[in-house]
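Right, one structure below, let's go through it.
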Amino acid sequence: MNTTVKTPWAEHMGDVPLHLEYFEGSMFEAVEAVAEKYPSHIAFDFMGKSTTYKKLAEEVRKCAKALKTIGVREGDRVTIAMPNCPQAIYMFYAVNLVGGIANMIHPLSAEKEIEFYLNESESVTAITLDQFYGKFESIRHNTKVVNIIIASVKDELSKPIKAGYMLTEGRKIQKIPSDAPIIRWKDFMNLGKCCFYNYSVKRKSDAPAVILYSGGTTGTTKGIVLTNKNFNALAQQVVAANPMFRPGDKMLAAMPLFHGFGLGVCIHTMLSQGGRCILVPRFTPKSYAKLITKYRCNFIAGVPTLYEALLRIPSMDGANLSCLKGVFSGGDSLSIELKRKLDKFLYDHKSVIQVREGYGTTETVTACCLTPPHMFKKGSIGLPFPDTYIKIVKPGTDEELPYGDEGEILLAGPTVMKEYMNHPEETAKTLRTHADGLTWVYTGDLGIMDSEGFIYFRGRAKRMIISSGYNIYPSQVENILDAHKFVQMSCVIGVPDAYKIQKVKAFVTLVPNVPANEETKCDILAYCKKHIAKYAMPYDIEFKTDMPKTLVGKVAYRILEEEEIKKINEQKEHEPVNV
């Protein structure tokens, strides 16, 4: 019997099960069950065109038959290099239906990165958009890929929008040669008519189903192998932690499919629980703002940089956001100041909710911890999901620390990955079974747990700056900088220093109309002196109009570090040599 217990969630949100009974089928079976229950409900919207759950299930089965026809078999890897569009969703669940493994990568990846992803996963088939054909073709001969399927955005548009697309974006796409060794999407789907035998493969819930990529705790790119149960469990946990969710609720799916946040929360959670995805193929703050108001979205999820951009969109002036039930921030630290600004923005636009910060790693698909709707604690990333366990240990050990002590964050639960693909040693370092019988993920992240179980993120251990023996956490300095009236966004890095080992440098994007001059810099530095310890003070502030971003929209602090080291090396080359 599933007993219901009082948890920190339950005190304010009613009874929430401490343990959930998880769906034991595949990801597609979870979606198909919804399609049978709500066939006429809309599963997703794409550039003005709606698709029902019945149509979704039908298209996935057609796609699965086509995959079987071209020779994709159980256990084969299929690379999906697509933005958030219908063909990507059909292909993702079709690969699952035939028992394959979906290898999810960013379509904007460089050629050599694509080659690495294809070879690392040993993919036999790949699908991408027509505008990325050239990159795939140029490296194809270095891989084991047999078939490349080419889709086009225009194929999924309504006639009026298609005409406009072909006159604008469509004109920029280089024409693919007529004899190119590819299968066009429409031709590919028609191949399904040739499949007369059983194309559906029954896979166990713990079977590998998805490969996502992450730097992990070492910073080197690794494929993270995730199972059907990992994704299905996440979906049930997200809904359990958000009891205000109802089938038919709309999620603005701007986070990309190749990222755990986008695939796990924005897409699979919605489609396996009866929600409706508003697909955003390419994020721009303007389009994001337009879609929120056009569809009156109930849930939005994003990284802090996305919300920071949203605050500056003139079209949001006077917008009514009373439709919102949940606004989630993850993927990067949400500064206390940005949360304050965003909460005020929501309040000013008739919303009755606040932004809720979460935390997770790709090794657990994505979020495994979330701030409850009515239990916000300043600086906290929330409480673990049902069946998810978090403990704080002395870094690298299994020695649990008392409440309030800072240490490494460890995670356990049903969303924990199967392994790092082709990296058994890294897997053994990251996944460790303790005396309690649980397999724990060593995240490499630093944090604190209070006596009520709330977690406080303190930054990645590898991002820690050590200056003159002092430990400095960039996120803490960034929080202080972001609170200054002139600062829109900041990023803090450690710069090599012969005396201090590292010294602190800050990069700042200023609010509009504030001059990037010496007077502004002096004002911010004077403010810093009042709020930052002397050993953690930035020695310099550099103004940047736009911060470099990672593929998922985080501030790419590594790029800033690399640029700074390059500058230092160039200066050394031009220094006079004493003879």
Six or more apart or on different chains, Cβ atoms under 8 Å: show the pairs whose first residue is in the range 285-314 and free of Cβ contacts under 8 Å to residues at least 12 places away in the same chain and whose second is crowded, with 19+ Cβ neighbours inside 10 Å. S287/V280
Show the residue pairs that are 6+ apart or on different chains and have beta-carbon atoms under 6 Å apart, the first residue being within the range 121-138 and closer than 14 Å to H106 by Cα and hydroxyl-bearing (S, T, Y), the second being in a strand (DSSP E or B) and at pLDDT 95 or above. T128/A81; Y133/I150
Could you figure out which of (1) aliphatic (A, V, I, L, M); (2) out of contact with any strand residue (DSSP E or B) (no Cβ under 9 Å at 6 or more places or on another chain); (3) open to solvent by less than 70 Å² (accessible area, probe 1.4 Å) isn't true of A435? (3)
Identify all residues within the range 319-351 that are closer than 23 Å to F385 by Cα, modelled with pLDDT of 95 or more and touching a helix residue (DSSP H, G or I) at 6+ places or on another chain (Cβ under 9 Å); write none if there are none. L324, V327, F328
Which one of these is of a type in the set (F, W, Y), in contact (Cβ under 8 Å) with a residue 40 or more places away in the chain and part of a strand (DSSP E or B): Y403, Y456? Y456
Regarding I568, is this residue more than 24 Å from L311 (Cα to Cα) and open to solvent by 30 Å² or more (accessible area, probe 1.4 Å)? yes
Those residues that are open to solvent by less than 90 Å² (accessible area, probe 1.4 Å) and farther than 19 Å from R77 by Cα, I need them from the range 193-214; list them, please. C194, C195
Single condition L411 does not satisfy, out of (1) in contact (Cβ under 8 Å) with a residue 60 or more places away in the chain; (2) touching a Pro at 6+ places or on another chain (Cβ under 9 Å): (1)
Do you know which residues across the range 157-192 are touching a Lys or Arg at 6+ places or on another chain (Cβ under 7 Å) and in contact (Cβ under 8 Å) with a residue 12 or more places away in the chain? L157, S158, Y165, M166, G170, M189, G192
Listed by range, helices (runs of 4 or more DSSP H) wholly within the range 242-310 having at least 1 residues that are farther than 24 Å from Y38 by Cα are 285-295, 304-310
Checking V495 against (1) more than 24 Å from T397 (Cα to Cα); (2) aliphatic (A, V, I, L, M); (3) in a strand (DSSP E or B); (4) under 25 Å from the mean Cα position of the chain (by Cα), which single condition isn't satisfied? (4)
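Looking only at the range 350-374, how many residues end up being farther than 17 Å from F454 by Cα, open to solvent by less than 20 Å² (accessible area, probe 1.4 Å) and over 17 Å from the mean Cα position of the chain (by Cα)?
Summing the residues that are farther than 17 Å from F454 by Cα, open to solvent by less than 20 Å² (accessible area, probe 1.4 Å) and over 17 Å from the mean Cα position of the chain (by Cα) in the range 350-374 gives 1.
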Reported set for the range 136-154 where residues are open to solvent by less than 40 Å² (accessible area, probe 1.4 Å) and within 22 Å of N84 (Cα to Cα) is F136, N147, I148, I149, I150, A151, S152, V153
Please verify whether Y347 is among the aromatic types (F, W, Y) and part of a strand (DSSP E or B), treating the condition exactly as stated. no
From the option list T545, T550, single residue qualifying as under 23 Å from the mean Cα position of the chain (by Cα) and either open to solvent by less than 20 Å² (accessible area, probe 1.4 Å) or under 30 Å from S109 (Cβ atoms) (or both) is T550
Taking the range 375-399 and the residues there that are assigned to a loop (DSSP other than H, G, I, E, B) and under 25 Å from E337 (Cβ atoms), the one that is most open to solvent (accessible area, probe 1.4 Å) would be K378
Any residue at all in the range 469-492 that's within 25 Å of Q571 (Cα to Cα), exposed (fewer than 15 other Cβ atoms within 10 Å of the Cβ) and either over 25 Å from the mean Cα position of the chain (by Cα) or touching a residue at least 24 places away in the same chain (Cβ under 8 Å) (or both)? no
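Conditions (1) in contact with a Phe, Trp or Tyr (Cβ under 6 Å, 6 or more places away or on another chain); (2) in contact (Cβ under 8 Å) with a residue 12 or more places away in the chain; (3) of a type outside the set (D, E, K, R); (4) closer than 22 Å to P243 by Cβ, marked per residue:
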{"residue": "F328", "(1), (2), (3), (4)": "no, yes, yes, yes"}
{"residue": "I336", "(1), (2), (3), (4)": "no, yes, yes, no"}
{"residue": "K344", "(1), (2), (3), (4)": "no, no, no, no"}
{"residue": "V352", "(1), (2), (3), (4)": "no, yes, yes, yes"}
{"residue": "I392", "(1), (2), (3), (4)": "no, yes, yes, no"}
Of everything in the range 292-344 that's surrounded by 17 or more Cβ atoms within 10 Å (Cβ to Cβ) and aromatic (F, W, Y), which residue is farthest from M489 (Cα to Cα)? F299
Quick check on this structure: which one of R184, R282 is within 19 Å of the chain's Cα centre (by Cα) and surrounded by fewer than 24 Cβ atoms within 10 Å (Cβ to Cβ)? R282
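So, in the range 507-532, exactly how many residues are in a loop (DSSP other than H, G, I, E, B) and free of Cβ contacts under 8 Å to residues at least 40 places away in the same chain?
6
Just name the residue that is surrounded by the fewest Cβ atoms within 10 Å (Cβ to Cβ) out of those in the range 99-135 that are among the small types (G, A, S) and part of a loop (DSSP other than H, G, I, E, B). Walk me through how you get there before you give the answer.
Step one: list which residues in the range 99-135 are among the small types (G, A, S), which gives 99-100, 102, 109-110, 121, 123, 126, 134.
Keeping just the survivors that are part of a loop (DSSP other than H, G, I, E, B) gives 99-100, 109-110, 123.
Values: G99: 22, G100: 26, S109: 18, A110: 11, S123: 24.
The qualifying residue surrounded by the fewest Cβ atoms within 10 Å (Cβ to Cβ) is A110.
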Spans of strands (runs of 3 or more DSSP E) in the range 32-90 with at least 1 residues crowded, with 22+ Cβ neighbours inside 10 Å and touching a Pro at 6+ places or on another chain (Cβ under 8 Å): 42-46, 77-81
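The values are calculated or read from the model by the stated rules, or taken from the named source; none is laboratory data. Computed from a prediction, not measured in an experiment: that's the story for all the values here. Neighbour counts run over all protein chains shown; Cβ positions are idealised from the backbone, glycine included. Accessible surface areas use protein heavy atoms only, side chains included; no ligands, DNA or RNA. Shrake-Rupley method; radii C 1.70, N 1.55, O 1.52, S 1.80 Å.
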